[in-house]
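Here the structure is laid out as C-alpha cells; the discussion comes afterwards.
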Amino acid sequence: MNTPRPPLRNLDDALADLLARAQPLADTESVSTFEADGRVLAEDLVSALQVPPQDNSSMDGYAVRRAEIADEGVPLPVSQRIPAGAAAQPLQPGTAARIFTGATVPAGADAIVMQEDTEALEDGRVRILRVPSEGQWIRRSGEDITRGSTVLARGERLGPAALGLAASIGRDSVQVARRPRVALFSTGDELVMPGAVAPEAMKPGAIYNSNRFFLRSLLLRMGCEVRDLGIVPDRRDATLDALREAARDNDLILTSGGVSVGEEDHIKPAVQQLGSLDLWQISMKPGKPFAHGRVGDAHFIGLPGNPVSSFVTFLLLVRPFLLKLQGATRLEPREVQLPAHFDWPRADKRREFLRARRDAQGGVALFPNQSSGVLTSTVWADGLVDVAGGQVIARGERVRFLPLAELLA
Ligand code: AMP
Ligand code: MG
C-alpha cells in the first residue's frame, strides 16, 4: 500500500529545520596540535606573546642608525654579529651590526641595509652603498600577532594554516569538540560490496555499493568517527535490528536508500516504530527524499539511494548538520558568482544543483549528463551550480557556484 507523498519543502527551510534540531555536543577534548586538523575549536586561542616576539631583520645585511648615513659610501666599523636566535647588544654609536634574516634588531638601530647594498672593506669595516629608509627591512614585533589578541576563535574549524598559527603562539595542544560518532549503513537488496562478487559474475539487477564508500569518506573528512554497519537488506526485521544496533552509543545514524515511500522502503516504518521520523520531499534535484528523526538518543538521517542525490544531499544538509554538532560557527560554503559557459534553457520546478567545472576562461561548464545516477559527474565536477526553481540560464549570465573544495573540506 502506498502512503501519500509528503508535501514538497524548499531546501533552505529544510536546512534551517534540520539545524534547529542539532544541538552542539557538550563534550570537548584536548588534542595535540599535530592531530587537530579538521577539528572544531572549543576555546578561543589567545596569544600570550607578540609574534614576532622582537623586531627582527627580514634580510641578511647590516643594522644601522640612519642618522649616521647622510650619504652613500659611508664606511662603518662592524661592532657585533647577530645570527638568528642570538641575543643582540645595543648598537654602538658610529657602527653597524652584521645581521641575518630572522635575527633580533639591536636597540638603537632603525634600519637594515641588505648585504647587496654594501661592500665589505679589507680593514673589516663595511661601506654602505645606499642610504636606507626608516625601518627598512625590519619586521616589527607584534606585526603578525599582538599579545592578548584572539588569533582563532571558538567554533573555528582548524586546517593546516590554523595549526601553524596555533603553533606560532606556543600551543602544542588545543581544546576541540569531540568527534561525532556516526553509524552508517546502506539499504538495498541489489547492493553488492566490491570484492564480494567479481564484475563478470554480477547477477542481473545487482549493483555495487558505491554510496558506502563516499559517505564513509565524507564522514571522516567531517571529523566523525564512523561505525560502518554495511549493507542492510530490504526487510523490516533486518532494518529494525540495524537501527537498534546503530542507536547504541552513536550521535547519528546515517543511511542511504529506502526513504521513498514504496513498499520496499523499510526505513520509514522501522524508524517510526523505534523512535520518530519526519520524511521530507525537498524540492531539489538531485535529492528529494530526505528523512530526519530520532532513535533513542541518536539522530537519524536518511539519504536518498541514488548516488548523486546521496552525495549532494550530504554536502548541502548533512555537512552543516555535522559542523553544528561540533559547534562550528561557519556552516555555509563560500560561494562565487561566475559566468555560465553553457545554456540551461529548460527550467525545472525544483531547485537544481548542476555538476559543473570552472574552465580556464574563468567561466563554468556543465557535465553533459546531469542524471542523479551518474556518479561520473561528481568526479568530473569541481563545484555545483545552484539553479533556482523555474530559472533558465543564458550563456554569459552569472550563476551561483559552490566550489567542491569548500564543501569537501
Ligand atoms: P532507493 O532510494 O532505495 O529507492 O534507491 C534509489 C536508487 O539508488 C536505486 O536505483 C538503487 O539501486 C540506488 N542505490 C541505492 N543505494 C545505493 C548504494 N548504496 N550504492 C549505489 N546505488 C544505490
Ligand atoms: Mg532501495
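The values are calculated or read from the model by the stated rules, or taken from the named source; none is laboratory data. Worth saying up front: this structure is predicted, and the values here are computed from it rather than measured. Methodologically, a virtual Cβ is constructed for each residue, glycine included, from the backbone with ideal geometry; neighbour enumeration extends over all protein chains shown. Ligands, DNA and RNA are stripped out before the accessible areas are found, and what is left, the full protein with its side chains, is counted by its heavy atoms. Shrake-Rupley method; radii C 1.70, N 1.55, O 1.52, S 1.80 Å.
Quick notes on this one:
- Candidates in segment 194-218 are the residues that are over 18 Å from Val259 (Cβ atoms) and open to solvent by less than 50 Å² (accessible area, probe 1.4 Å); of these, the one that is farthest from ligand 2 (Cβ to nearest atom) is Ala198.
- Some residue of segment 150-168 being within 16 Å of ligand 1 (Cβ to nearest atom) and in contact with a Lys or Arg (Cβ under 8 Å, 6 or more places away or on another chain): no
- Yes/no for Arg81 being modelled with pLDDT of 95 or more and more than 42 Å from the chain's Cα centre (by Cα): yes
- Residue match in segment 207-224 (condition: within 30 Å of Leu152 (Cβ to Cβ) and β-branched (Val, Ile, Thr)): no
- Of all residues in segment 353-402, those satisfying the criterion of being open to solvent by less than 50 Å² (accessible area, probe 1.4 Å), under 18 Å from Thr313 (Cβ atoms) and outside any loop (DSSP other than H, G, I, E, B) are Phe353, Leu354, Arg355, Ala356, Ser377, Thr378, Gly383, Leu384, Val385, Asp386, Val387, Leu402.
- Selection count, segment 30-61, where residues are in a loop (DSSP other than H, G, I, E, B) and either free of Cβ contacts under 8 Å to residues at least 12 places away in the same chain or open to solvent by 20 Å² or more (accessible area, probe 1.4 Å) (or both): 13
- Among the residues of segment 115-135, those identified as open to solvent by less than 40 Å² (accessible area, probe 1.4 Å) and free of Cβ contacts under 8 Å to residues at least 60 places away in the same chain are Asp117, Thr118, Leu121, Gly135.
- Of all residues in segment 90-114, those satisfying the criterion of being surrounded by 12 or more Cβ atoms within 10 Å (Cβ to Cβ) and over 18 Å from Ser141 (Cβ atoms) are Gln92, Thr95, Ala96, Arg98, Val113, Met114.
- Qualifying residue in segment 200-221 (condition: in contact with a Lys or Arg (Cβ under 8 Å, 6 or more places away or on another chain) and farther than 18 Å from Ser372 by Cβ): no
- Members of segment 286-305 that are within 14 Å of ligand 1 (Cβ to nearest atom), surrounded by fewer than 23 Cβ atoms within 10 Å (Cβ to Cβ) and not aliphatic (A, V, I, L, M): Lys288
- The one condition in (1) in a loop (DSSP other than H, G, I, E, B); (2) closer than 26 Å to Lys349 by Cβ; (3) within 12 Å of ligand 1 (Cβ to nearest atom) that Ser309 fails to fulfil: (1)
- Pairs with Cβ under 6 Å, 6+ apart, first in segment 179-191 and open to solvent by 20 Å² or more (accessible area, probe 1.4 Å), second hydrophobic (A, V, I, L, M, F, W, C) and in a loop (DSSP other than H, G, I, E, B): Arg179/Cys224; Glu190/Ala206
- Filtered by the rule that a residue be away from ligand 2 (no atom under 15 Å from the Cβ) and closer than 12 Å to Phe185 by Cβ, segment 253-272 gives Ile253, Leu254.
- Segment 330-346: number of residues that are touching a helix residue (DSSP H, G or I) at 6+ places or on another chain (Cβ under 9 Å) and touching a residue at least 40 places away in the same chain (Cβ under 8 Å): 5
- Scanning segment 237-289 for residues that are under 19 Å from Gly373 (Cβ atoms), among the β-branched types (Val, Ile, Thr) and at pLDDT 95 or above yields Thr255, Ile282.
- Across segment 232-247, the qualifying residues are those that are touching a residue at least 24 places away in the same chain (Cβ under 8 Å) and open to solvent by 20 Å² or more (accessible area, probe 1.4 Å), and the one among them that is nearest to Arg319 (Cα to Cα) is Ala247.
- Filter pass, Arg351 being basic (Lys, Arg), within 30 Å of Asp278 (Cα to Cα) and in contact with a Gly (Cβ under 7 Å, 6 or more places away or on another chain): yes
- Selection status of Glu245, farther than 29 Å from Gly390 by Cβ, within 15 Å of ligand 2 (Cβ to nearest atom) and charged (D, E, K, R): no
- Verdict on Ser173 being open to solvent by 30 Å² or more (accessible area, probe 1.4 Å) and either touching a helix residue (DSSP H, G or I) at 6+ places or on another chain (Cβ under 7 Å) or among the polar types (S, T, N, Q) (or both): yes
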